[in-house]
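Asker: First the structure, then my questions, so here it is.
The values are calculated or read from the model by the stated rules, or taken from the named source; none is laboratory data. Because the structure is predicted, anything quoted here is derived from the model rather than measured. Ideal geometry is used to build each Cβ from the backbone, glycine not excepted, and the neighbour counts take in all protein chains shown. Each accessible area value is taken on the protein alone, full model and side chains, heavy atoms only, with ligands, DNA and RNA left out. Shrake-Rupley method; radii C 1.70, N 1.55, O 1.52, S 1.80 Å.
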Amino acid sequence: MPVARTIAQQLERASWIRRMFEEGARLKQERGEANIFDFTLGNPEVEPPAQTLAALRRVVERDLPGRHGYMPNPGFPEVRAAMAERLSRESGLDYRAEHICMTTGAAAACNVILKAILDPGDEVILLAPYFAEYPFYVGNHGGRTIVVDTDADFLPDVEKIAAVITKHTRAILLNTPNNPSGRVYPASVLRDLDALLSRLPNPPLVISDEPYKQLVYDGKKQPEVAALIANTAICYSWSKAQALAGERIGFLALSPRLPDVAQMAAACAFANRTLGFVNAPAIWQLVMAEAADACVDVTAYQHKRDVLCDGLASVGYDVRKPEGGYYVFLKTPVPDDVAFVQLLLKQGVLAVPGTGFGRGGYIRLSLTVPMDTIERSLPAFGRALGETRKI
Ligand code: PLP
């Protein structure tokens with residue numbers, strides 16, 4: 001049975017990721033794991049916080065009856081109330097349980113909200129560079145992706161966004177702290193975007209995908225997007241903040257300021273069920289109600305960022321330190337990032353070309369690697385840079 005044309009095309013578009021893995025696996029076999037520096041995957045290499053694991057033990061040991069059955073599709077009411085209370089504290093908005101849908105991570109939250117708002121042919125604006133899965137999420141629900149470049153500093157360019165909004169635009173998908181650029185969108189830019197949207201008769205929804213919200217460096221904070229932009233739906237996850245990527249737990253939060261928020265909430269609950277998620281894992285919902293604010297050690301990531309960025313600068317790269325998130329988005333010394341990834345590969349370094357995120361001329365390096373990998377990889381980065389000078 002042949003697969004659908006659409007998925008065959010999507011598999012082809014995503015095949016550079018698979019090729020990278022295959023090449024990495026081959027090199028590890030050929031040269032030994034210790035000689036290959038794999039910066040491709042954003043998979044947390046630290047353990048979840050002790051507070052989270054203690055809450056998990058408590059929840060399991062409590063052994064309450066009826067806790068493993070079906071529940072309302074958006075999640076346990078008391079868990080949603082706890083999340084709403086937390087969001088209200090952070091944003092100053094009046095979130096209630098009915099605005100929250102617990103989800104199997106941020107990826108599910110994005111799919112639930114897109115399913116709830118898109119009709120075939122509706123448009124969703126993505127800001128490049130963007131998380132490489134977004135175009136597939138939009139396509140899952142019949143939407144059309146409209147890509148707008150961010151500015152030279154990777155910040156949203158409000159004029160460029162204004163220029164592509166049409167009567168078919170249903171959403172703008174923002175991601176801050178950004179994967180891959182590491183930028184944290186400042187309040188001023190978010191306010192400008194809100195000003196633009198508030199002038200429109202039917203403003204698109206801003207979907208704010210925030211799985212890295214807690215991972216912000218140098219003592220800074222991610223501005224509260226929902227407090228600054230009226231029509232916002234937040235997609236959140238504990239994959240990163242609590243190193244729980246394999247457990248699949250997060251939420252979708254509809255701003256209390258959204259018109260027709262009750263109907264939107266009903267649509268999201270239905271989408272959560274009919275997309276096949278049904279509801280977020282029961283145990284992890286209960287754990288999050290107890291340990292929502294726990295967080296991995298952000299200073300450890302910051303330290304890795306500094307060692308990698310300072311090391312790359314010392315061997316001759318033009319480096320911008322990320323303000324948050326898991327990744328360094330490094331300018332390549334030659335414009336062709338795919339060719340540069342091949343040069344790095346020869347030196348045993350695996351990186352992802354920026355082209356895959358909609359911005360060529362850069363590569364993405366993950367900070368979720370052991371410090372030892374960072375330190376030992378720097379000469380290899382230096383040799384690859386040297387190769388470009390011979391070309
Ligand atoms: N959004 C962004 C920007 C991501 O980087 C990721 C994961 O890497 C996701 C969403 C998916 O996160 P989750 O594991 O919570 O589904």
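Asker: Right, ARG320: in a loop (DSSP other than H, G, I, E, B) and either surrounded by 24 or more Cβ atoms within 10 Å (Cβ to Cβ) or within 25 Å of the chain's Cα centre (by Cα) (or both) or not? Steps first, please.
Answerer: On the way: in a loop (DSSP other than H, G, I, E, B): yes; either surrounded by 24 or more Cβ atoms within 10 Å (Cβ to Cβ) or within 25 Å of the chain's Cα centre (by Cα) (or both): yes.
Yes; evaluated as a whole, the condition is true for this residue.
Asker: Looking at the stretch 292-310, which of its residues are farther than 16 Å from ALA81 by Cβ, of a type in the set (A, V, I, L, M) and open to solvent by less than 30 Å² (accessible area, probe 1.4 Å)?
Answerer: Going through the stretch 292-310, the residues farther than 16 Å from ALA81 by Cβ turn out to be 294-310.
Right, trim to of a type in the set (A, V, I, L, M) and you get 294, 296, 298, 300, 307-308.
Correct list: ALA294, VAL296, VAL298, LEU308.
Asker: For the stretch 262-273, state whether one or more residues are touching a residue at least 12 places away in the same chain (Cβ under 8 Å), open to solvent by 40 Å² or more (accessible area, probe 1.4 Å), under 25 Å from GLY66 (Cα atoms) and part of a loop (DSSP other than H, G, I, E, B).
Answerer: We begin by selecting, within the stretch 262-273, every residue touching a residue at least 12 places away in the same chain (Cβ under 8 Å); these are 262, 264-265, 267-273.
From what is left, the residues that are open to solvent by 40 Å² or more (accessible area, probe 1.4 Å) are 262, 270, 273.
From what's left, under 25 Å from GLY66 (Cα atoms): 270, 273.
Then drop every residue that is not part of a loop (DSSP other than H, G, I, E, B), which leaves none.
No: zero hits.
Asker: Which residue is modelled with the lowest pLDDT, if the candidates are limited to the stretch 31-60 and must be open to solvent by 90 Å² or more (accessible area, probe 1.4 Å) and under 20 Å from ILE249 (Cα atoms)?
Answerer: LEU41
Asker: I need a count of the residues in the stretch 104-121 that are assigned to a helix (DSSP H, G or I) and within 8 Å of the ligand (Cβ to nearest atom). Before the answer, list the steps.
Answerer: First, the residues of the stretch 104-121 that are assigned to a helix (DSSP H, G or I): 105-117.
Filter once more, so that each one left must be within 8 Å of the ligand (Cβ to nearest atom): 105-110.
Within the stretch 104-121, residues that are assigned to a helix (DSSP H, G or I) and within 8 Å of the ligand (Cβ to nearest atom) number 6.
Asker: Counting only residues that are in a helix (DSSP H, G or I), modelled with pLDDT of 95 or more and among the basic types (Lys, Arg), how many does the stretch 338-391 have?
Answerer: Looking only at that region, the number is 2.
Asker: Here's something else I'd like to know. Kindly indicate which of VAL278, VAL338 is open to solvent by 10 Å² or more (accessible area, probe 1.4 Å) and farther than 27 Å from GLY32 by Cβ. If you could, list the steps in order and put the result at the bottom.
Answerer: On the way: VAL338 fails: farther than 27 Å from GLY32 by Cβ.
Exactly one of VAL278, VAL338 is open to solvent by 10 Å² or more (accessible area, probe 1.4 Å) and farther than 27 Å from GLY32 by Cβ, namely VAL278.
Asker: Hey, among the residues in the stretch 61-111 that are among the polar types (S, T, N, Q) and more than 22 Å from PHE277 (Cβ to Cβ), which one's surrounded by the fewest Cβ atoms within 10 Å (Cβ to Cβ)?
Answerer: We begin by selecting, within the stretch 61-111, every residue among the polar types (S, T, N, Q); these are 73, 88, 91, 103-104, 111.
Narrowing further to those that are more than 22 Å from PHE277 (Cβ to Cβ): 88, 91.
Numbers: SER88: 15, SER91: 19.
Once the filter is applied, the top-ranked residue is SER88.
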